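Beneath this line is the structure, given in structure tokens, with notes to follow.
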Amino acid sequence: MNATTADPTPPDQGRIVLLTTSHRVAPGLLSWPAWQALRTADRVLCADGTHPQLPYLREAGVRVDEAAPTAEELVDACAGGRTAVVVATGEGDPALTDGLARLAGSGRVAMPDLELLPASYDLPGARLLDLVQVMDRIRLECPWSSRRTHQGLAKYAIEEAYELVEAIEDGDRDELREELGDVLLQVVFHARIAEDDPDAPFSVDDVAGTIVDKLVHRHPHVFGDETADTPEEVRAHWLRTKAAEKQRTSVTEGVPLGQPGLALAAKLASRVRTAGLDVPLPTGDGIGYELLALAARAESEGTDPEAALRAAARTYRDAIRAVEAAGV
């Protein structure tokens, strides 16, 4: 009688888990799958002894070896069904991952299961933290930026705002993204300068907190019990809450006189119309009064006179270029 034997079960080659974390999330705030992997691993390794996660892992009772094994050493460490978790460094351990890829691609090595496990994730807006950190370093170390003041930077805020408007009008998406970043830089730069004020310092967090509070308060139909089904009702909510906040004695308060003339005239006309005031336009000699009347008329018809004039000027510019190109 011939005995037959079944094929032997392939040995368990174990598991390698590459654990990644975001530096934009507070150390120790890891996902539950990450904590499970760390607590059940036979070995946890990290090549960077200064990794911000290490103190929190050790406090939680996870033993972490400060080691940088080669791909071959890590594969051998998993033989027999063991699990090794590698806490990735900020650079992502390219030597290790490249080595594992070469071994797996060779077909000559029985590989453990390989798993990439994100332990913490960036929330929307997380890159703003990078901007704040970069701006802080520039403010401290750059000879030019460290000497800037609010007054000295004011002109750049105006320039960047106009460049943003131009990108919007051109319809260039790449340019729009870049110009939005330049405007955002102005906000973060001014906020960083404000931190150095000896008498009334504030930070970018204070700036963000102020606008968050304002938005929540002025949108009771979103964050409160009010209702609004049309843009007109939303505007009414906004104006009521804004009036209660500012407690102004005149509708002209808060209208910056330094803005372009057409925009200023349209803003004043808008305030008068919204408040239901009967204020006839002043009359007089000169083009200024004619422009004032045109701006007020544009505003009443729902047209931005500044944008309308810019559009006409751009058409005029194109006509000039066409004449120049024709050699006339």
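Determine if the stretch 249-266 includes at least one residue that is over 36 Å from the mean Cα position of the chain (by Cα), open to solvent by less than 50 Å² (accessible area, probe 1.4 Å) and either at pLDDT 95 or above or closer than 28 Å to A157 by Cα (or both).
Looking for residues that are over 36 Å from the mean Cα position of the chain (by Cα), open to solvent by less than 50 Å² (accessible area, probe 1.4 Å) and either at pLDDT 95 or above or closer than 28 Å to A157 by Cα (or both), one finds at least one in the stretch 249-266, hence yes.
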*Extreme residue, farthest from C46 (Cα to Cα), among residues of the stretch 61-85 that are touching a helix residue (DSSP H, G or I) at 6+ places or on another chain (Cβ under 9 Å), in contact (Cβ under 8 Å) with a residue 24 or more places away in the chain and open to solvent by 70 Å² or more (accessible area, probe 1.4 Å)*: E72
_Failed item in (1) hydrophobic (A, V, I, L, M, F, W, C); (2) farther than 29 Å from I211 by Cβ; (3) touching a residue at least 12 places away in the same chain (Cβ under 8 Å); (4) in a loop (DSSP other than H, G, I, E, B), with V279 passing the rest_ = (3)
*Can you spot a residue in the stretch 223-232 that is open to solvent by 90 Å² or more (accessible area, probe 1.4 Å) and modelled with pLDDT of 90 or more?*
yes
*All positions within the stretch 117-136 that are exposed (fewer than 12 other Cβ atoms within 10 Å of the Cβ) and either farther than 30 Å from V85 by Cβ or among the small types (G, A, S) (or both)*: G125
*Members of the stretch 151-168 that are open to solvent by 70 Å² or more (accessible area, probe 1.4 Å) and not hydroxyl-bearing (S, T, Y)*: Q151, K155, I158, E159, E163, E166, I168
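A quick yes/no check of all residues on (1) among the hydrophobic types (A, V, I, L, M, F, W, C); (2) touching a strand residue (DSSP E or B) at 6+ places or on another chain (Cβ under 6 Å); (3) in a helix (DSSP H, G or I):
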residue: E232; (1), (2), (3): no, no, yes
residue: T252; (1), (2), (3): no, no, no
residue: Q259; (1), (2), (3): no, no, no
residue: A266; (1), (2), (3): yes, no, yes
residue: V272; (1), (2), (3): yes, no, yes
residue: A307; (1), (2), (3): yes, no, yes
residue: R314; (1), (2), (3): no, no, yes
residue: R321; (1), (2), (3): no, no, yes
*Which condition number does E160 fail, the rest of (1) in a helix (DSSP H, G or I); (2) more than 18 Å from W144 (Cβ to Cβ); (3) acidic (D, E) being met?*
(2)
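The values are calculated or read from the model by the stated rules, or taken from the named source; none is laboratory data. No experiment lies behind these values; they were computed from the predicted model shown. Backbone-built Cβ (ideal geometry, glycine too); neighbour counts: all protein chains shown. The area values use the complete protein model at the heavy-atom level, side chains included, leaving out ligands, DNA and RNA. Shrake-Rupley method; radii C 1.70, N 1.55, O 1.52, S 1.80 Å.
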